[in-house]
Amino acid sequence: MKDNNCFYCEDGQKRHELMYEVCKMDLCTLYVLRNQKYRGRMVLKFNDHVPDISALTEDQNRRFFGELRKVAAALMSLYHPDKINYAIYGDLVPHLHVHIVPKYKGGPEWGGPFVDGGEAKILDDAQLEEIAKTMRAELKKGEAK
Ligand SMILES: [Zn+2]
């Protein structure tokens with residue numbers, strides 16, 4: 001299921017400008033945001049062009065949240081955030097994806113919703129690959145449990 005007008009389906013230039021692929025999971029693909037204003041910020045994309053969680057089957061729902069839980073556990077153990085914020089919007093990009101945003105006491109927007117604006121911290125491919133590499137290893141450790 002793909003939509004030609006969707007940058008998540010297209011998986012081309014626009015997606016590449018915003019985020020860097022960490023790994024493919026069973027139902028999802030994990031990306032690290034180029035803007036690491038929130039250290040460890042990622043996006044978990046459902047691979048099929050599904051507009052909303054209400055469109056998932058019971059089994060897909062269970063597996064989708066299972067993958068989200070694995071990512072969250074890996075982020076907790078790597079970055080030790082004080083909290084992880086999760087957001088599913090999709091008003092303008094109706095392809096199911098979750099923003100996974102580690103938050104830190106004393107860091108940006110602690111105690112409030114995360115925002116895309118403000119001071120950006122853009123990483124290059126080598127720095128993003130470092131993050132991706134440690135995430136892949138951490139996710140693999142989680143599988144062994
Ligand atoms: Zn799509």
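The values are calculated or read from the model by the stated rules, or taken from the named source; none is laboratory data. Given the structure is predicted, the values throughout are model-derived calculations rather than measurements. When we count neighbours, we look across all protein chains shown, and the Cβ atoms used for this are built from the backbone with ideal geometry, even at glycine.
Being surrounded by 15 or more Cβ atoms within 10 Å (Cβ to Cβ), more than 30 Å from N5 (Cβ to Cβ) and among the small types (G, A, S) holds for only one residue in A73, A144, and it is A73.
Looking at this structure, is R62 within 19 Å of E21 (Cα to Cα) and exposed (fewer than 14 other Cβ atoms within 10 Å of the Cβ)? No: the conditions fail for R62. Looking at I100, I88, I84, can you tell me which residue is without any contact (Cβ under 8 Å) to a residue 40 or more places away in the chain and surrounded by 14 or more Cβ atoms within 10 Å (Cβ to Cβ)? So the residue among I100, I88, I84 that is without any contact (Cβ under 8 Å) to a residue 40 or more places away in the chain and surrounded by 14 or more Cβ atoms within 10 Å (Cβ to Cβ) is I84. Taking segment 118-145 as the range and being within 16 Å of Y38 (Cβ to Cβ), at pLDDT 95 or above and not aliphatic (A, V, I, L, M) as the test, the residues that pass are K121, Q127.
Is segment 36-50 home to any residue that is more than 14 Å from the ligand (Cβ to nearest atom) and among the β-branched types (V, I, T)? Among the residues of segment 36-50, not one is more than 14 Å from the ligand (Cβ to nearest atom) and among the β-branched types (V, I, T), which makes the answer no. In segment 132-139 there is at least one residue matching the filter, namely being among the polar types (S, T, N, Q), touching a Leu at 6+ places or on another chain (Cβ under 7 Å) and part of a helix (DSSP H, G or I). Looking across segment 1-52, the residues that are within 22 Å of R69 (Cβ to Cβ), among the charged types (D, E, K, R) and surrounded by fewer than 19 Cβ atoms within 10 Å (Cβ to Cβ) come down to E21, K24, D26, R39, D48, D52. The residue of segment 1-35 that is nearest to the ligand (Cβ to nearest atom), among those that are in contact with a strand residue (DSSP E or B) (Cβ under 9 Å, 6 or more places away or on another chain) and part of a loop (DSSP other than H, G, I, E, B), is D11. Screening V93 on (1) over 21 Å from M25 (Cβ atoms); (2) of a type in the set (A, V, I, L, M, F, W, C); (3) at pLDDT below 95 shows it passes everything except condition (1).
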